[in-house]
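Asker: What follows is a structure written as structure tokens; I'll ask about it next.
The values are calculated or read from the model by the stated rules, or taken from the named source; none is laboratory data. The model shown is predicted, which means the values in this text are computed figures rather than measured ones. Methodologically, a virtual Cβ is constructed for each residue, glycine included, from the backbone with ideal geometry; neighbour enumeration extends over all protein chains shown.
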Amino acid sequence: MAEQEDQHYDSLKIENIVASGVIADSIDLLAISEHIEGCELNTKRFPGAVYRIEDPKMASLIFSSGKVVLTGLKNEGDLDRGLELLTKSLNSAGVITHPVPDVHITNIVCSFDMKKSINLNKVVITLQLENIEYEPEQFPGLVYRIEDPKIVALLFSSGKIILTGGKNLQDVRSGLAVLEQHLADIL
């Protein structure tokens, strides 16, 4: 059964993973921007430093408070590698980082292809749920807010779906299962 479920979700693709947390008690942004190659600081445009890492591909937003936001990751395993590289770079610039950074995934954005078109008007009329928003004059997708797990799905008439809000891949899969269950009689 699990293998069948995995095959069903073959087109489920992680587009972006966002993680955030605390990596140090404080960070001298000017010092790190001068000592770490590729670390940019422009306080007129953004209150933190931006440090991009190529492998794994990740952008780090670094704040003087010691907080970080990591984005652009494509799989959960890259988070640990990216965090390790970030910590080493900060240490080499003189920042004393926490031995175990308190950084966790806050959002996983995935795409999924239903492989068939979706009549969004029919979805709205049939389901008549408060957690659905569809205003085609404003946005071409239908916004479906799933309560448990807390996932937001953007449905497009092409059959493409964007799922966001998951803290792990299991949340995303569970949200997709709830969505498919609600759409089963409509499609």
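Per-residue answers, yes or no, for (1) among the hydrophobic types (A, V, I, L, M, F, W, C); (2) within 29 Å of S158 (Cβ to Cβ); (3) at pLDDT 95 or above:
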position	(1), (2), (3)
E5	no, yes, no
L12	yes, yes, no
T97	no, no, yes
I108	yes, yes, yes
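Asker: For residues in the range 89-116 being surrounded by 19 or more Cβ atoms within 10 Å (Cβ to Cβ) and outside any strand (DSSP E or B), which is farthest from the chain's Cα centre (by Cα)?
Answerer: V95
Asker: Now a separate question. S20 passes all but one of (1) touching a residue at least 12 places away in the same chain (Cβ under 8 Å); (2) of a type in the set (G, A, S); (3) not in a strand (DSSP E or B); which number fails?
Answerer: (3)
Asker: Looking only at residues that are in a loop (DSSP other than H, G, I, E, B) and touching a residue at least 60 places away in the same chain (Cβ under 8 Å) in the range 117-131, which one is farthest from Q181 (Cα to Cα)? Reasoning before the result, please.
Answerer: Taking the range 117-131 and keeping what is in a loop (DSSP other than H, G, I, E, B), we get 117-119, 128-131.
Narrowing further to those that are touching a residue at least 60 places away in the same chain (Cβ under 8 Å): 118-119.
Working: I118: 14, N119: 16 Å.
Checking each candidate, the answer is N119.
Asker: In the range 50-67, what residues are in a strand (DSSP E or B), of a type outside the set (K, R) and over 16 Å from the mean Cα position of the chain (by Cα)?
Answerer: Residues of the range 50-67 that are in a strand (DSSP E or B), as a first pass: 50-53, 58-62, 67.
Within this subset, residues satisfying the condition of being of a type outside the set (K, R) are 50-51, 53, 58-62.
Result: V50, Y51, I53, I62.
Asker: Does A177 count as crowded, with 18+ Cβ neighbours inside 10 Å, touching a helix residue (DSSP H, G or I) at 6+ places or on another chain (Cβ under 9 Å) and over 30 Å from Y51 (Cβ atoms)?
Answerer: On the way: crowded, with 18+ Cβ neighbours inside 10 Å: no; touching a helix residue (DSSP H, G or I) at 6+ places or on another chain (Cβ under 9 Å): yes; over 30 Å from Y51 (Cβ atoms): yes.
Spelling it out, it is not the case that A177 is crowded, with 18+ Cβ neighbours inside 10 Å, touching a helix residue (DSSP H, G or I) at 6+ places or on another chain (Cβ under 9 Å) and over 30 Å from Y51 (Cβ atoms).
Asker: Name the one entry in G141, G165 that is surrounded by 15 or more Cβ atoms within 10 Å (Cβ to Cβ), touching a Phe, Trp or Tyr at 6+ places or on another chain (Cβ under 7 Å) and not hydrophobic (A, V, I, L, M, F, W, C).
Answerer: On the way: G165 fails: touching a Phe, Trp or Tyr at 6+ places or on another chain (Cβ under 7 Å).
Going through G141, G165 in turn, the sole match is G141.
Asker: I'd like to know if the range 68-80 contains one or more residues that are in contact with a Cys (Cβ under 6 Å, 6 or more places away or on another chain), at pLDDT 95 or above and outside any loop (DSSP other than H, G, I, E, B).
Answerer: First, pick out the residues of the range 68-80 that are in contact with a Cys (Cβ under 6 Å, 6 or more places away or on another chain): none.
There is no residue in the range 68-80 that is in contact with a Cys (Cβ under 6 Å, 6 or more places away or on another chain), at pLDDT 95 or above and outside any loop (DSSP other than H, G, I, E, B).
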